1. Do we find a residue being touching a helix residue (DSSP H, G or I) at 6+ places or on another chain (Cβ under 9 Å), assigned to a loop (DSSP other than H, G, I, E, B) and in contact (Cβ under 8 Å) with a residue 12 or more places away in the chain anywhere in the range 239-254?
2. In the range 375-396, how many are part of a helix (DSSP H, G or I), hydrophobic (A, V, I, L, M, F, W, C) and either at pLDDT below 90 or under 16 Å from the mean Cα position of the chain (by Cα) (or both)?
3. Find all pairs meeting these conditions: Cβ atoms under 6 angstrom apart; at least six residues apart or on different chains; first residue within the range 793-820 and in contact (Cβ under 8 Å) with a residue 40 or more places away in the chain; second residue among the small types (Gly, Ala, Ser) and exposed (fewer than 10 other Cβ atoms within 10 Å of the Cβ).
4. For the condition of a type in the set (Lys, Arg), closer than 21 Å to GLU519 by Cα and in a helix (DSSP H, G or I), what is the one hit in ARG786, ARG731?
5. Looking only at residues that are more than 30 Å from the chain's Cα centre (by Cα) and under 22 Å from MET191 (Cβ atoms) in the range 237-264, which one is surrounded by the most Cβ atoms within 10 Å (Cβ to Cβ)?
6. If THR234 satisfies every condition in (1) within 23 Å of the chain's Cα centre (by Cα); (2) surrounded by fewer than 21 Cβ atoms within 10 Å (Cβ to Cβ); (3) β-branched (Val, Ile, Thr) but one, which is the exception?
7. Within the range 397-453, track down each residue that is touching a helix residue (DSSP H, G or I) at 6+ places or on another chain (Cβ under 9 Å), small (Gly, Ala, Ser) and not in a helix (DSSP H, G or I).
8. For the range 477-505, give me the residue count where each residue is out of contact with any strand residue (DSSP E or B) (no Cβ under 9 Å at 6 or more places or on another chain), more than 26 Å from PRO703 (Cα to Cα) and either open to solvent by less than 30 Å² (accessible area, probe 1.4 Å) or among the acidic types (Asp, Glu) (or both).
Amino acid sequence: ASWLAGNAPTTVCSPNSRARSLTAEQTGWLKGCFDNYCANLLRWLTINVVSVLPLQDMNRIAQLLFMLDALLTDTALASQENIEATFCFCVVWAMGSALTVADDGTDYSKMFSEYFRSEFKTVKFPPRDTVFEYWLNPDTMQFDQWTKSPYFFSIDYDSKTPMSNVTVPTPETCSVTFWMSNLVDMRRAVMLCGPAGTGKTQMVKGLLSSQDPDTCISTPINFSFYTNSDVCYTNMNQPLEKKMGVTFGPPGERRLVYFLDDVNLPEVDAYGTQRAIELCRQQIEYEHCYDMTKLTRRNIINTQMMACMNPTAGSFLINPRLQRWFATFAIGLPGPVSLMTIYQTFLEGHLKNFEAALDDKFAMALIKGALALHASVASTFRKTAANFHYEFNIRHIANVFQGLLVAQPDQFPEPEKFVFLWIHESERVYGDRLVSLADLEKYNALAQAASKKAFPSVNLARFYGKEKAEPLVFCHFAENMSDKIYDMVPSVEHMSKTLTEALHEYNETNAAMDLVLFEDAMKHIARIVRIILNPMGHALLVGVGGSGKQSLTKLASFICVYSPYQIQISSTYSINDFKEDLKIMHTKAGVKEEGITFLITDSQITNERFLIFVNDLMASAEVPDLFAPDEVDTMANAQVSRCKAAGIVPDKKNLWAYFINEIKKNLHVVLAFSPVGDTFRNRAKKFPALVSCSVIDWFQPWPKQALFAVGQKFMNEVEIKLDSVRSAIERFLPYSFGVVQDLADKFLKIDRRYVYMTPKSYLELLKLYGGLLDKKRTAQDEGIERLSNGLTKLNETAKVVSKLQVDLAVMVEDAEKKKE
C-alpha cells in the first residue's frame, strides 16, 4: 500500500490496487489508525487466541492493507470518522477472519469481538451479536446486518433444480463472499480454511461461476496425497496458451484463477516440503516456473490463486512462505438460524405443489426435527481413530433434504408418510455409516425421540419393534422396476417378488448369479439404487468378504438400466491401462449417454495411484490430463447438437461443460472396500473424496434370518430323505456360526486378537459341509459296494467249495473202489 508512504498527496494505480489520491491529512489519519489499533490487536491475538492456521503478524497486516485498498473509496475518505469506521471494519476482518470455534468449544471469534468492543470505543458497532455480524454500508457509512447487504437475497427455489446448483445466502456466506469478491477483483490470493462439509468448495465455485467469462476464467486443481510438482505443473499449464517467446497466459486478455482444493494433502517428503506447494509458491511469488523437459523458464501472466484446505487432514498446515500470500478466512458450520434459512428455502419451495396439509408450518417442524436429530447424532457418535468417518457436518444434512426433494405430490398426500420419508432418509445418511449393531440401536433411539418431539401424533413403533417390525424402506422400484417412482415399499413380500423377477431377468442376459434375497440384501439393493440414480451419486460399500457387495451392485445397476464396468487386472495392468478404461467409460457416459456403474474393489487397486483419478472423478467429475487436446475436441464436438437443442451457445467452454454434466449424470462410482486392517483408513486419509463425495453403506453382519435363509437354500440342493433331519441341520448351521462368533468376540476381549467370522466364512462352512457330506457318502457307497462285492465273492467261493467237496467225495469213492 504505497499510498501510505510520505506526507505529500499520492496517486497510486497498480495491477493489484485501485487508483486513489490521498492528501497529507488523510494519510495522517490512516497512520493514526494503524498506531492506535494494530499493535494492541496483534499483541492480544498472540496471547489469547488460536487461529485456524498459524498466521504471521505481517500476514495479517498485509491482509488489512488489501482490504483497505478495496474499501477506501471517495466516500470513505471524506472525513476522519469515515476513514476510522472503514479502518475498523477492515481491521476486524483482517485480524479476526481466521478465528472460529475450537474443538474444545472455545469461541475465539466471540472473544475477539468482546475484546474489540471493550478496548476500542471510538467506532461503535451495534451491541447485539459479534462485530463480524455487521457490514459497513458504503453509502451511509453506518454498520448494518449482513442481511441488508447486496450480497444477501432471497431465492424462490424450484425443485427441478438440483440442490447442488443452488447456494442460499446466509449472513456467514455473505460476509466471506463480500471479501472474496473484492480481493479476487484485485487479484489477491484467498484461502478458505475449515473442516470437511462446511461448504468451502461450494462458496468458491459459486463465486467463480458468477465471474464474467469474458474477463475471468478458472480451473480447479484437486490435490491428493500423490499430487506432486509434475502433476501440478501439468494441471496449471493446461488452460494456458503461448503469448510470445517464453511468456504464457490464459486465452485473450482474460484473468485465470487457479482453484486449489485440499491444498495441504500432498505427501510431505523427507525434507519436510511438499513439491506441489513449492511450485505454487514459486508461481505466486515470481510469476514463472521452469519447464523440466526443456529446462527453460516459463513466464506465466494474468493468473491468481484461490485455495481451500481442511486443517484436520493431510499435513494440517502448509509452508508459511506460501501461506503468507493468502488472505485467510476460517469457515465453520453455519449457525441454527442460517441452517433454518437454507433448508426452509429448499423444503418450502419443494412443497408448494403438495397437499395443503404439507404447509409451511409442517416444513418448519420437519426442519427443526432434522436439525435436532443431526445435533444429537453429531454429539453421540464422535470421530475416533477407528471410526474416522464418524464426522457429521452440513453435507449430511443436505443429503437428508436431497432425499426429501425426490418426493412427488402423488405419492405423498398426507404429512405422516412424509415424516416416514424423513426418518428413512435420515437413517440412510446417518444409520448406514455406523459400524456396529449397538451404534445402530443408539441411532434408532435418537431418531424416534426426534420424531416424537417434532411430530407427537406420528407413531413409529411399528417400524422399530423388536419382533415382527415392519420395514421402513423407500425405493425406486416400490411398484415395479420400470416407473422409477420413489415410494414406500408396501411389504417385504412385495419387494421380494419384484427383486426375484429382476434377478431372473438379469440371469437370462448375464452370467447367472445364485443369490439369496433375504431382507437385508434387498434393503442394500434399495440403498444402492437410491444412491446411483442421483447425479454425482457415488457409493462406498464397506463390508467384509462375502457380504455380497459386488453381486448386489450388479443387480442394482440392472434395475437402474446401467451397465456395470470393472477393470480386468493382470500382471501387466498399469496406470495407462487404467486411464484407457476411464476413457472408455467417459465415452459411453458422456458421448453415448449410457448409464455406467464403475465397480471397483480394494483388491483391484494394485497401484494406489489409481485412486488419484477416482478421487478427481468423484470430487468434480473431471479428471485432469485424462484426454489429449485432440480427444478433448472430439468429446466436446459430440455435444454440439445437444447444446443447440438445449439453447446453449456451442462454444468450446460450454461444450466441455455439457460433457462434464453428462458424466455427472451417467457415470457413477461404486467402491467395494473391506474395513479389515488399516488400508481403508489410510486410503480415506490420502484421498478424502472417497468418503466425503460418496454415500456410505456399511454392511452389518448377517442376521440369523439371513444365515438361516442362505443355509436353507443350500440344504434344498442336498438330498436328505428325512425332513426332520434336514430341518435340524438348517437350524444348526446358523447356530454354529453364532457360537463361533461369540467365542471370537470373547477371544478379542481377553487376548485382544481378532478372529474374523464373515459371510464368506459361513459360505465356506456350507461348502465344506457339502463337500464332506459328498465325500462321506461316496466313501460309504464305496464301502457298501466293496462289502457287497466281498459277500458276493464269498458266496460264489462257498458254492465252488461245496461243488469241489461233492466232486472230491465222488473222486475219493472212485479211488477206493479201484483199490479194492
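1. First, pick out the residues of the range 239-254 that are touching a helix residue (DSSP H, G or I) at 6+ places or on another chain (Cβ under 9 Å): 248.
Of the ones still in play, those that are also assigned to a loop (DSSP other than H, G, I, E, B) are none.
Checked against the condition, which is being touching a helix residue (DSSP H, G or I) at 6+ places or on another chain (Cβ under 9 Å), assigned to a loop (DSSP other than H, G, I, E, B) and in contact (Cβ under 8 Å) with a residue 12 or more places away in the chain, the range 239-254 yields no hits at all.
2. Filtering the range 375-396 for residues part of a helix (DSSP H, G or I) gives 375-380, 394-396.
Filter once more, keeping what is hydrophobic (A, V, I, L, M, F, W, C): 375, 377-378, 394.
Narrowing the set further to residues that are either at pLDDT below 90 or under 16 Å from the mean Cα position of the chain (by Cα) (or both) leaves 394.
Going through the range 375-396 one residue at a time, the tally reaches 1.
3. Short answer, once both residue conditions are applied: none.
4. Details: ARG786 fails: closer than 21 Å to GLU519 by Cα.
Going through ARG786, ARG731 in turn, the sole match is ARG731.
5. First, pick out the residues of the range 237-264 that are more than 30 Å from the chain's Cα centre (by Cα): 240-255.
Then keep just the ones that are under 22 Å from MET191 (Cβ atoms); that gives 250, 255.
On the way: PRO250: 21, ARG255: 18.
The residue in question is PRO250.
6. Of (1) within 23 Å of the chain's Cα centre (by Cα); (2) surrounded by fewer than 21 Cβ atoms within 10 Å (Cβ to Cβ); (3) β-branched (Val, Ile, Thr), only one is false for THR234: (1).
7. ALA407
8. Of the residues in the range 477-505, 2 are out of contact with any strand residue (DSSP E or B) (no Cβ under 9 Å at 6 or more places or on another chain), more than 26 Å from PRO703 (Cα to Cα) and either open to solvent by less than 30 Å² (accessible area, probe 1.4 Å) or among the acidic types (Asp, Glu) (or both).
The values are calculated or read from the model by the stated rules, or taken from the named source; none is laboratory data. Predicted model, so just to flag it, every value in this text is computed and none were measured. Don't worry about glycine lacking a Cβ; one is built from the backbone with ideal geometry, like all the others, and counts go over all protein chains shown. Surface accessibility is based on the protein's heavy atoms, side chains included, excluding ligands, DNA and RNA. Shrake-Rupley method; radii C 1.70, N 1.55, O 1.52, S 1.80 Å.
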